[in-house]
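Please read the structure below before turning to the comments.
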Amino acid sequence: QVQLVQSGAEVQRPGASVKVSCKASGYTFTNYYLHWVRQAPGQGLEWMGFINPSGGSTSFAQKFQVRLTVTRDTSTNTVYMELSSLRSEDTAVYYCVRNYNSGLDYWGPGTLVTVSS
Amino acid sequence: QSALTQPRSVSGSPGQSVTISCTGTSSDVGDYNYVSWYQQHPGKAPKLIIYDVTERPSGVPDRFSGSKSGNTASLTISGLQAEDEADYYCCSYAGRYTYVFGTGTKVTVL
């Protein structure tokens with residue numbers, strides 16, 4: 001079955017970077033885009049961007065254009081999300097999610113990133 | 001991009017129907033039939049319940065239905081059940097390979 005396994009929780013200092021991984025299994029990795037969505041504590045969902053695992057092309061929300069990098073490794077079916085220049089407002093659960101038509105059908109368990117000095 | 005606007009909360013008794021609105025603009029909801037809806041229980045990852053405005057993934061009860069008129073999409077839950085108490089989010093394609101979520105609605109079963 002489809003599984004998205006994410007890396008563990010992180011604590012980072014303001015100004016640092018964080019890199020979260022998402023390993024996909026149970027389907028053909030290059031056939032589905034993978035998105036990143038985050039949710040701050042007690043807040044709503046926020047779309048960050050996606051990668052096309054086939055060619056590696058990406059698209060990001062405007063607010064993340066400068067700080068967000070998303071890459072993939074097709075040899076291990078893994079996608080990486082790196083967010084730089086972290087601030088306290090980046091404290092959130094970060095989800096890796098598979099794209100199906102216009103929907104996001106399989107969600108990873110989420111990775112809690114805490115930004116604190 | 002601004003978040004799509006949803007009511008903060010809606011409520012209904014078991015068996016009743018509730019409808020959640022999701023208002024965007026002519027650049028997102030109004031321009032594409034690419035609206036999806038998600039159900040999220042506390043402490044859990046969201047679950048896809050509607051995609052492409054009206055389509056239900058396999059396994060989602062037909063009590064959940066979606067529609068769209070102009071710049072507003074809607075999710076209707078018919079025959080409300082206790083397990084439907086959750087947060088619900090809409091999401092729309094917004095052009096230029098970007099997406100935007102709604103502000104979220106808490107559904108309470110009285």
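For the range B:58-91, enumerate the residues that are within 19 Å of B:D31 (Cα to Cα) and surrounded by fewer than 14 Cβ atoms within 10 Å (Cβ to Cβ).
Correct list: B:S69, B:G70.
So, in the range B:92-108, how many residues would count as being touching a Pro at 6+ places or on another chain (Cβ under 7 Å) and either modelled with pLDDT under 95 or surrounded by fewer than 18 Cβ atoms within 10 Å (Cβ to Cβ) (or both)? So that I can check it myself, show each step before the final result.
Our first condition is that a residue be touching a Pro at 6+ places or on another chain (Cβ under 7 Å); within the range B:92-108, this holds for B:105.
The next check asks that each one be either modelled with pLDDT under 95 or surrounded by fewer than 18 Cβ atoms within 10 Å (Cβ to Cβ) (or both); those that pass are none.
Within the range B:92-108, residues that are touching a Pro at 6+ places or on another chain (Cβ under 7 Å) and either modelled with pLDDT under 95 or surrounded by fewer than 18 Cβ atoms within 10 Å (Cβ to Cβ) (or both) number 0.
Can you tell me which residue within the range B:26-45, out of those that are under 16 Å from the mean Cα position of the chain (by Cα) and among the hydroxyl-bearing types (S, T, Y), is surrounded by the fewest Cβ atoms within 10 Å (Cβ to Cβ)? So that I can check it myself, show each step before the final result.
From the range B:26-45, those under 16 Å from the mean Cα position of the chain (by Cα) are B:28-30, B:32-41, B:45; that's our starting set.
Narrowing the set further to residues that are among the hydroxyl-bearing types (S, T, Y) leaves B:32, B:34, B:36, B:38.
Numbers: B:Y32: 17, B:Y34: 19, B:S36: 28, B:Y38: 27.
Among those that are under 16 Å from the mean Cα position of the chain (by Cα) and among the hydroxyl-bearing types (S, T, Y), it is B:Y32.
Looking at (1) surrounded by 13 or more Cβ atoms within 10 Å (Cβ to Cβ); (2) under 20 Å from B:G95 (Cβ atoms), which is the one condition that is false for A:K63?
All conditions pass for A:K63, except number (1).
Are any of the residues in the range B:19-37 part of a loop (DSSP other than H, G, I, E, B), of a type in the set (F, W, Y) and more than 16 Å from A:G44 (Cα to Cα)?
Quick first cut of the range B:19-37, residues part of a loop (DSSP other than H, G, I, E, B) only: B:24-34.
So of that shortlist, the ones also of a type in the set (F, W, Y) come out as B:32, B:34.
Next, only the ones that are more than 16 Å from A:G44 (Cα to Cα) stay: B:32, B:34.
Checked against the condition, which is being part of a loop (DSSP other than H, G, I, E, B), of a type in the set (F, W, Y) and more than 16 Å from A:G44 (Cα to Cα), the range B:19-37 yields at least one hit.
Limited to the range A:68-109, what total is found for residues that are away from chain B (no Cβ under 14 Å) and touching a Cys at 6+ places or on another chain (Cβ under 8 Å)?
Count: 4.
Is it fair to say A:R13 is among the basic types (K, R) and touching a Gly at 6+ places or on another chain (Cβ under 9 Å)? First the steps, then the outcome.
Values: among the basic types (K, R): yes; touching a Gly at 6+ places or on another chain (Cβ under 9 Å): no.
No, not satisfied.
State all residues of the range A:70-82 that are touching a residue at least 12 places away in the same chain (Cβ under 8 Å) and either under 19 Å from A:N99 (Cβ atoms) or surrounded by 16 or more Cβ atoms within 10 Å (Cβ to Cβ) (or both); if no residue qualifies, say none. Even if it seems obvious, please write down each step before you answer.
The first filter runs over the range A:70-82 and keeps only residues touching a residue at least 12 places away in the same chain (Cβ under 8 Å), leaving A:70-72, A:74, A:76-82.
A:V70, A:T71, A:R72, A:T74, A:N77, A:T78, A:V79, A:Y80, A:M81, listed by residue number.
Counting residues that are under 23 Å from A:F60 (Cα atoms), within 14 Å of chain A (Cβ to nearest Cβ) and in contact (Cβ under 8 Å) with a residue 24 or more places away in the chain, which strands (runs of 3 or more DSSP E) fully inside the range B:71-110 reach at least 2? Lay out the reasoning, then the answer.
Values: elements: B:72-77, B:86-93, B:99-101, B:105-109.
Where strands (runs of 3 or more DSSP E) fall fully within the range B:71-110 and carry at least 2 residues being under 23 Å from A:F60 (Cα atoms), within 14 Å of chain A (Cβ to nearest Cβ) and in contact (Cβ under 8 Å) with a residue 24 or more places away in the chain, they are B:86-93, B:99-101.
Taking the criterion of being within 22 Å of A:P14 (Cα to Cα), in a strand (DSSP E or B) and modelled with pLDDT of 95 or more, would at least one residue in the range A:96-106 satisfy it? So that I can check it myself, show each step before the final result.
Step one: of the range A:96-106, the residues within 22 Å of A:P14 (Cα to Cα) are none.
No, the conditions are met nowhere in the range A:96-106.
The values are calculated or read from the model by the stated rules, or taken from the named source; none is laboratory data. As the structure is a computational prediction, the values presented were derived from the model and not from experiment. Please note: Cβ atoms are built from the backbone with ideal geometry, for glycine as well, and neighbour counts cover all protein chains shown.
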